[in-house]
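Worksheet: one structure, shown below.
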Amino acid sequence: MFATSTGFGLHAYRAAFVAAVALLAAIASAPHAGAVSPEVRAACANDYLSNCAKFKPESAETRKCMRAVGYRLSKRCISALAAAGEVSKAEIARRSASNRR
């Protein structure tokens, strides 16, 4: 039965696979789409003003900027970001090790 298929089944399978991958990507990025906690806001206010104030607070651009300048962030801010799950302790350790080189 599949031998006479015109490929429609394969196209439908590919479309479903692409949709599933897109859905998984959206779910994976969902924690980063939420509002920043008051603790992070307070701990990182000066870091934000010094490095990323040209972007709207809590925007995707601000998150990208803060990640890019992560090596300049205060220890207080980094601790608050880790506690809030915005950045993993493994990422902090990796970046710290790469900055010591």
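The values are calculated or read from the model by the stated rules, or taken from the named source; none is laboratory data. Quantities reported herein were computed from a predicted structural model and do not represent experimental measurements. Every residue, glycine among them, receives a Cβ derived from its backbone with ideal geometry; neighbour counts consider all protein chains shown.
Of all the numbered requirements in (1) exposed (fewer than 10 other Cβ atoms within 10 Å of the Cβ); (2) among the polar types (S, T, N, Q); (3) modelled with pLDDT of 90 or more, residue 6 misses one, and that requirement is (3). Inside the range 54-94, residues that are within 16 Å of residue 41 (Cα to Cα) and of a type in the set (Val, Ile, Thr) make up a count of 3. Within the range 80-101, can you find the residues that are under 16 Å from residue 38 (Cβ atoms) and among the charged types (D, E, K, R)? Matches in the range 80-101: 86 only.
Scanning the range 51-62 for residues that are hydrophobic (A, V, I, L, M, F, W, C) and either surrounded by 14 or more Cβ atoms within 10 Å (Cβ to Cβ) or in a helix (DSSP H, G or I) (or both) gives 52, 55, 60. Screening residue 86 on (1) of a type in the set (Asp, Glu); (2) loosely packed, with under 15 Cβ neighbours inside 10 Å; (3) at pLDDT below 90 shows it passes everything except condition (2).
Closer than 18 Å to residue 38 by Cβ, among the hydrophobic types (A, V, I, L, M, F, W, C) and part of a helix (DSSP H, G or I): which single residue out of 65, 77 fits that description? I'd like the intermediate steps shown before the answer.
On the way: 65 fails: closer than 18 Å to residue 38 by Cβ.
Being closer than 18 Å to residue 38 by Cβ, among the hydrophobic types (A, V, I, L, M, F, W, C) and part of a helix (DSSP H, G or I) holds for just one of 65, 77, which is 77.
A search for C-beta distances below 8 Å between a residue of the range 82-96 that is without any contact (Cβ under 8 Å) to a residue 24 or more places away in the chain and any residue that is in a helix (DSSP H, G or I) and of a type in the set (Val, Ile, Thr), counting only pairs 6+ apart in sequence or on different chains, returns 82/92; 87/78; 92/78.
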